[in-house]
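The values are calculated or read from the model by the stated rules, or taken from the named source; none is laboratory data. Worth saying up front: this structure is predicted, and the values here are computed from it rather than measured. Here Cβ is always computed from backbone atoms with ideal geometry, including for glycine, and neighbour counts include all displayed protein chains.
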């Protein structure tokens, strides 16, 4: 029944084929999810390059096709940046236990975390006074094959996205690509470009903006905290990570944004990194935390 509904959406789309859009060359950020398992592997690694897989948080899924770029290689990762991301993750996710779903088949258990931390990778020059989570891609109609694929469900952020798109430059990646190259040969299923785009770590700011909220099907997910950030709601929080610093922003009861600057490395007393790897937080078999 789900497949029939998805196909119907494709067949009766009048303006364009509805596609699942990964990163497009005009987008302001590259979105990723960071699970507890990801951060453990990141902690143990000493590699100076890391390939991030694109994660969609537009809450939709279409059987018509996949377009865009699926991988971003961040180069020049220093030990300071690695430590900053680890510290920020454990601080941001503190008190939020991982939730798992069993995606296994034929009696095999395959546990996948469904409330990973959502991170947006921006250029270091991105203005933090602008709303987070807006793609600011003025060419979304052509690059996105007619599908907007925004991360918000309400009108005000969408209007702001379109209004300010021409004023915000896209994420600068290498090599410089034809903005429509990902549409060559049509956009059949599995037409995402898997050859990584590249960016140097010094040219980025990695921003933790919330937690993934997955419903029903694995690829249908959103990040509800983005709406809270857009509306300056009390308690809405995000963390900006650069190579030697964490900037922790939160909103008070009046919607005023406050900032705490955390220099890296932290002392043992202030570090939020667990002294022992919390491997026991991962369930070994399906239980009430699986859904």
Region 106-119, residues that are out of contact with any helix residue (DSSP H, G or I) (no Cβ under 9 Å at 6 or more places or on another chain) and either free of Cβ contacts under 8 Å to residues at least 12 places away in the same chain or surrounded by 21 or more Cβ atoms within 10 Å (Cβ to Cβ) (or both): 106, 107, 108, 110, 114, 115
Test for residue 63: is it within 18 Å of residue 221 (Cα to Cα) and either assigned to a loop (DSSP other than H, G, I, E, B) or at pLDDT 95 or above (or both): yes
Test result for residue 203, surrounded by 13 or more Cβ atoms within 10 Å (Cβ to Cβ), in contact with a strand residue (DSSP E or B) (Cβ under 7 Å, 6 or more places away or on another chain) and modelled with pLDDT of 95 or more: yes
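Picking from 255, 235, which residue would you name as being touching a helix residue (DSSP H, G or I) at 6+ places or on another chain (Cβ under 9 Å), at pLDDT 90 or above and either part of a loop (DSSP other than H, G, I, E, B) or at positive phi (or both)?
Unique residue meeting the criteria: 235.
Results for (1) touching a strand residue (DSSP E or B) at 6+ places or on another chain (Cβ under 9 Å); (2) within 18 Å of residue 205 (Cα to Cα), shown as yes or no for each residue.
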residue: 87; (1), (2): yes, yes
residue: 109; (1), (2): yes, no
residue: 116; (1), (2): yes, no
residue: 131; (1), (2): no, yes
residue: 160; (1), (2): no, no
residue: 163; (1), (2): no, no
residue: 171; (1), (2): yes, yes
residue: 174; (1), (2): yes, yes
Count of region 28-60 residues which are assigned to a loop (DSSP other than H, G, I, E, B) and over 17 Å from residue 194 (Cβ atoms): 10
Criterion (modelled with pLDDT under 95 and either within 16 Å of the chain's Cα centre (by Cα) or assigned to a helix (DSSP H, G or I) (or both)) met by exactly one of 149, 165, 159: 149
Where a residue in region 85-105 is in contact (Cβ under 8 Å) with a residue 60 or more places away in the chain and its partner, wherever it lies, is buried (at least 19 other Cβ atoms within 10 Å of the Cβ) and assigned to a loop (DSSP other than H, G, I, E, B), with Cβ under 6 Å and at least six apart: 99/114; 99/115; 101/114
